[in-house]
Structures are given as structure tokens and as C-alpha cells.
Amino acid sequence: MNKLYEGKAKILYSTDEPEIFLAHFKDDATAFNALKRGQIQGKGEINCTISSALFRWLESKGILTHFIEQSTSNEMRVKAVKILPLEVVVRNIAAGSLCRETGLAEGKILPFPLVEFYLKNDELQDPLLTKDRILILEIVTPEQLEEMKNLALKINEHLTQFFADCGITLVDFKLEFGVDSQNKILLADEISPDTCRLWDSSETDPLARVMDKDRFRRDLGKIEEAYQQVQQRVLSQLSQLKS
């Protein structure tokens, strides 16, 4: 295998099959555009397992993904795609940068799911883009942009209900999409506590309810326990759906 790319959370390798890559999930943790760095013990295995399970489940709902199989505890085989240089963020509840940039109170339920696009560019600190800026940059076509938004909203519908059944509130999350050799748009990257803001629905304490990477960002402690709890609830819910 040859290393194709190493990011903050994963390493991507080529395989003997040109249309298949291997994604290795790392324990490394970063925040604030990698200004804060650390490790979360077992994060790679947990995020790979959660992502694999949710990709399989979304496929059953008609969402095309790059997922093929989880080959080891912290690796998955994926379809080779060219990642589109946009991070798609869906927000259901005000939190994080939305509060800092708008003055909205954390925890305010939004009147509709907010879909935002950020440029995937660390040097520019992943800026928020308008639709017109995206089209001027010519990084996706108008049709691709519309499809990504529609897919993000569909995925949000599925995941919001799924996590609710797990006793978890899906506050917001980040998606990435790629284009395969047939020019089809596929959901790629991962879905995990690294890329989702997740709150324990039974907790009223604003710090105790956090079950995602905000525990690392905000030095809240018990990071591994929170990730493990998300994995346990996700797998338990999927097991119930199968039975």
C-alpha cells in the first residue's frame, strides 16, 4: 500500500485495486484548525466502528456512500472518490461558531435545519462561503451544489431520528462528499463524535450532556467515556432495528 494522504484524523492508502482505498482512523485529536493537539485513547477504533455502522445504515435508506466494509477495528475499505473541496455543515440547534458569529444563545432550536458550506482549506482556516462565492470559485457545479444540499438535508432527517432513538440529540454535524469514476456524488469521510455535536438527551447540565469532541476542545474530561457511550448506543440501536 502507498500512502495517498494523511489528514488530522485519518490516513488514506491505495490498494491493489485502483477503485478501492483503505482509510486508517487515528487516535490523534485536533481542534481549532490543529492549534490544539492531543490523543484520545481508542478513538480510531470507535470512530471507524461508528462510521461503518452508520454508513451501512444510511445505505439501507438509499444514501450512496463510499463505504465498502470495515476491514479491521480501525480501518475501512472505501470506494475511490475525488473529495469535493467543501465541508457541508448541517445545524439543528445553535452551538459553537454559529453562536459566536451571530449572538444566538447556545441550545436555541433553529426554525429549520441550516445548511452551510465551508471551503476545505486549512491555510484559509476553512472559511464560510456563500453560494455565489462557491460558484465563482468553480469548485463544484451548480447542480452538484444543489445535490449536496439536498443529500445533507435527507441525511439530517435520518440521523436526527436515529440519534433521538439512541437518547442523543443531534445538534449539528459536518459531511464531506466525493465524486466516483462515474461522476456520482457519494457521502464520504466519516460520521462520528469527531464530526457531530451530540448531546445526551437525558442530561440538563450543559457540560455533562456533551458526548463529542467538544469534550476535548473545552477540556471537559471523560472524553474516552463519552465516545464509548456513543458507540454503545449506536450499536445497540442498530441491533434492535435488526431484531
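The values are calculated or read from the model by the stated rules, or taken from the named source; none is laboratory data. Everything quoted here is computed from the prediction, not taken from an experiment. FYI the Cβ positions are ideal-geometry reconstructions off the backbone, even for glycines, and counts take in every protein chain you see.
Determine, yes or no, whether Ile63 is in the same structural domain as Leu12 (by TED's automatic domain parsing), assigned to a strand (DSSP E or B) and not polar (S, T, N, Q).
no
Going through Lys149, Lys131, Lys154, Lys174 one at a time, which residue ends up being under 18 Å from Ser52 (Cα atoms) and at pLDDT 95 or above? Don't jump to the end; show me each part of the working.
On the way: Lys149 fails: under 18 Å from Ser52 (Cα atoms); Lys131 fails: under 18 Å from Ser52 (Cα atoms); Lys154 fails: under 18 Å from Ser52 (Cα atoms).
Every option except Lys174 fails the conditions.
For a quick check of your reading of the model, give me the residue pairs whose first member lies in the stretch 214-225 and is surrounded by 13 or more Cβ atoms within 10 Å (Cβ to Cβ), whose second is in a helix (DSSP H, G or I) and of a type in the set (Lys, Arg), with beta-carbon atoms closer than 6 Å and at least 6 apart or on different chains.
Listed by first residue and then by second, the contacts come to Ile223/Arg215.
I'm trying to understand the selection: among the residues of the stretch 15-41, which are without any contact (Cβ under 8 Å) to a residue 40 or more places away in the chain, assigned to a strand (DSSP E or B) and surrounded by 15 or more Cβ atoms within 10 Å (Cβ to Cβ)?
Of everything in the stretch 15-41, those that are without any contact (Cβ under 8 Å) to a residue 40 or more places away in the chain, assigned to a strand (DSSP E or B) and surrounded by 15 or more Cβ atoms within 10 Å (Cβ to Cβ) turn out to be Asp28, Thr30.
Looking at Ser181 and the list (1) polar (S, T, N, Q); (2) under 24 Å from Leu22 (Cβ atoms); (3) without any contact (Cβ under 8 Å) to a residue 40 or more places away in the chain; (4) exposed (fewer than 14 other Cβ atoms within 10 Å of the Cβ), which single condition is not satisfied?
The number of the failed condition is (3).
Restricted to the stretch 117-149, and to residues that are buried (at least 17 other Cβ atoms within 10 Å of the Cβ) and of a type outside the set (Val, Ile, Thr), which residue is farthest from Arg217 (Cα to Cα)? Spell out how you get there, then give the answer.
Step one: filter the stretch 117-149 for residues buried (at least 17 other Cβ atoms within 10 Å of the Cβ), giving 117-119, 129, 134, 139-140, 144-145, 148.
Those still in the list that are of a type outside the set (Val, Ile, Thr) too: 117-119, 129, 144-145, 148.
Details: Phe117: 22, Tyr118: 20, Leu119: 21, Leu129: 24, Gln144: 32, Leu145: 30, Met148: 28 Å.
Here the residue is Gln144.
Check off (1) in contact (Cβ under 8 Å) with a residue 12 or more places away in the chain; (2) surrounded by 14 or more Cβ atoms within 10 Å (Cβ to Cβ); (3) assigned to a helix (DSSP H, G or I) for Ala164 and give me the number that stays unchecked.
(2)
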